Structure formats: C-alpha cells, structure tokens
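**Q** Provided herewith is a single structure, encoded as structure tokens, for subsequent inquiry.
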Amino acid sequence: MNTAEQIFEQVKALPEPMAREVLDFVGFLKEKQEHLRIKDLVEAQAGSMKEIWDNEADEAWNEA
C-alpha cells in the first residue's frame, strides 16, 4: 500500500469535520510547495536580471 492509500484509509475513518481539517492541511502543503517553487524561480532569475535591474537608467525606479 502506497502513502496516498494509507492516508486515505486513515482519513476515511475520521469524522467529517476532522477529515476536512486534513483536506485543509493538504491544501496548505500544496500552497507551501508552490510558494517554494516560485521562490526558487525568482532566485534563479535574479542573477541574470541583476545587470538589467542595476543600472543608471533603472535608478529612477528605485525607492529612496
């Protein structure tokens, strides 16, 4: 039995309100995973964009 099947077996024995909490937690984990993926993409992009963002013409857009 794989992990998803084990989770299913455990959750189906829970009362409905508790099963909803598990579902909410799964949603939280998915959002966390997506946030980390986006953060990794931004960090990977930062190096190549440094030259574009760090120049005199761009200085007008920087906050004082």
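What follows draws every value from the coordinates through simple rules; no lab data is involved. Note that the structure is a prediction, hence the values are computed from the model and not measured. Every residue, glycine as well, gets a Cβ built from its backbone with ideal geometry; the counts of neighbours run over all protein chains shown.
**Q** Got a sec? Charge dipole of the chain, +1 on Cβ for Lys and Arg, -1 for Asp and Glu; which of Asn62, Val42, Ile7 is way out at the positive end?
**A** Ile7
**Q** Here is a further query. Would you count, across the chain, every pair of lysines whose alpha carbons are under 26 angstrom apart, provided the pair is eight or more residues apart or spans two chains? Don't skip to the answer; put the middle values down first.
**A** Details: Lys12/Lys30; Lys12/Lys32; Lys30/Lys39; Lys39/Lys50.
Counting lysine pairs in the chain gives 4.
**Q** May I pose another question? Using a simple spin-label model with points 7 Å from Cα along the Cα→Cβ vector, what separation in nm is obtained for Met49 and Gln33?
**A** So the label points at Met49 and Gln33 sit 2.5 nm apart.
**Q** May I pose another question? With runs of 4+ DSSP H residues as the only contributors, calculate the mean residue ellipticity of the chain at 222 nm using -39,500 (n - 2.57) per run, divided by the residue total and rounded to the nearest 500.
**A** -26500 deg cm²/dmol
**Q** Placing unit charges on C-beta atoms (Lys and Arg positive, Asp and Glu negative, everything else neutral), compute the dipole magnitude of region 3-61 about its Cα centre in debye, rounded to 20. Can you show the working numbers first?
**A** Details: 7 positive and 14 negative charges, 86 e Å.
With only Lys, Arg, Asp and Glu charged at Cβ, the dipole is about 420 debye.
**Q** Could I have the simple spin-label model distance between Glu5 and Ala57, label points 7 Å from Cα toward Cβ, reported in nm to one decimal?
**A** 6.0
**Q** Which one, (1) -0.63, -0.91, -1.01; (2) -0.38, -1.01, -1.21; (3) -0.60, -0.96, -1.04, gives log10 I(q)/I(0) by the Debye sum over Cα atoms at q = 0.13, 0.22, 0.26 Å⁻¹ as derived from the coordinates shown?
**A** So the structure-derived entry is (3).
**Q** Between helix 16-53 and the chain, what is the angle of the helix's C-alpha long axis to the longest principal axis, kept within 0 to 90° and rounded to the nearest 10?
**A** 20
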